[in-house]
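All of the numbers you see were taken from the coordinates with simple rules; none came from a lab. The model shown is predicted, which means the values in this text are computed figures rather than measured ones. Here the Cβ is made from the backbone with ideal geometry for all residues, glycine too, and neighbour counts use every protein chain on show.
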Amino acid sequence: MPLLQIEDLHVSYQGRTGPVPAVRGISFALERERLGIVGESGSGKSTIGRAILGLLPPSASVTAAQMRLHDIDLLRADQRTLRRIRGKRISMVLQDPKYSLNPVMTVGRQIAESYRVHTRASATEAKRKALEMLEAVRIDNPERVYDLYPHEVSGGMGQRVMIAMMLIPEPELLIADEPTSALDVTVQAQLLVLINELIVRRGMGLILISHNLDLVASFCDRVVVMYAGRVMETCKASELDRARHPYTKGLLACRPLIDRARPELPQLARDPAWLDGPVAA
């Protein structure tokens with residue numbers, strides 16, 4: 001049985017003139033692997049992650065033939081069940097830690113609180129686990145960092161803190177939504193190596209949401225390419241450069257090339273028929 005099974009997921013928001021579709025009939029199964037979801041802004045990538053966790057606003061309408069984590073029906077689970085699942089079985093690392101961390105709590109207390117919520121451990125035990133987790137995400141001098149506030153840490157350290165907070169309950173699935181987009185290239189590489197080590201060591205599944213095709217191709221096992229809320233193509237990450245769908249080919253062609261100069265980058269053509277045509281798998 002897959003770790004996560006999604007079939008025919010639809011998400012829409014109520015607009016002034018009627019429902020506005022954000023996700024249109026998405027289906028995929030996730031094993032304990034690294035799955036990348038790529039596409040332009042507004043293609044529905046983040047909406048899928050939030051729908052899995054039941055974090056969409058009340059204005060969103062969510063339907064699916066199936067959305068299951070092992071034996072749990074995520075679509076029909078009540079709020080009490082979802083609260084137990086969030087963090088403990090599924091965690092989500094958001095794009096910018098500045099908007100995810102509590103500004104009036106030290107980062108160490110926030111990590112410890114994440115552990116205590118799901119384990120009911122003592123404060124002493126939670127602090128010990130939090131310090132271990134800070135060390136696991138390669139933060140130097142974790143005792144000092146434990147007592148810092150979010151505004152006192154750098155962007156890269158803030159993301160490491162977020163990763164520590166999401167992984168300390170030892171979830172089965174990690175959803176990482178643009179976890180490195182605000183960081184420089186060297187810090188990006190370090191964080192991805194760190195995430196990969198933790199995922200492999202714990203035997204977890206990963207959904208990596210990103211705009212960066214090269215990053216996803218080098219880091220993930222499979223790639224789902226989205227356009228306007230629909231899957232255009234699913235392929236092995238190692239075969240992304242041999243994509244068949246014209247949208248995926250267009251995204252690849254728009255990348256700047258380091259080894260040769262071009263007078264201008266090609267524009268990405270879009271065809272409304274893609275929303276109704278067959279998906280390349």
What distance in nm separates the simple spin-label points at Leu82 and Cys254, each placed 7 Å from Cα in the Cβ direction? 3.2 nm
With only Lys, Arg, Asp and Glu charged, each at its Cβ (+1 for the first two, -1 for the last two), find how big the charge dipole of the range 90-170 is about the Cα centre; round to the nearest 20 debye. 140 debye
In nanometres, what is the gap between the two model label sites at Gln267 and Val117, each 7 Å from Cα along Cα-to-Cβ? 4.6 nm
Among Leu191, Leu35, Leu265, residue whose mean-square fluctuation peaks in a GNM of the chain (springs only between Cα atoms under 10 Å): Leu265
Plugging the Cβ-Cβ distance of Thr124 and His151 into 1/(1 + (r/R0)^6) at R0 = 25 Å yields, to the nearest 0.05, a FRET efficiency of 0.40
Using the Cα centre as the reference, give the magnitude of the dipole from point charges on the C-beta atoms of the range 26-82 (Lys, Arg: +1; Asp, Glu: -1; all else neutral), rounded to the nearest 20 debye. 100 debye
Per the 1/(1 + (r/R0)^6) rule, R0 = 35 Å and r from the Cβ atoms of Ala65 and Asp96, FRET efficiency to 0.05 is 0.55
Under a GNM of the chain (C-alpha, springs under 10 Å), which listed residue has the highest mean-square fluctuation: Asp177, Asp221, Asp271? Asp271
Helix-derived mean residue ellipticity, 222 nm - over the chain, DSSP H n ≥ 4, -39500 (n - 2.57), to 500: -10000 deg cm²/dmol
State which helices in the chain qualify, where a helix is a whole DSSP H run, it must extend 24 Å or more along its own axis by its Cα atoms, and its mean Kyte-Doolittle hydropathy must be at least 1.0. 185-202
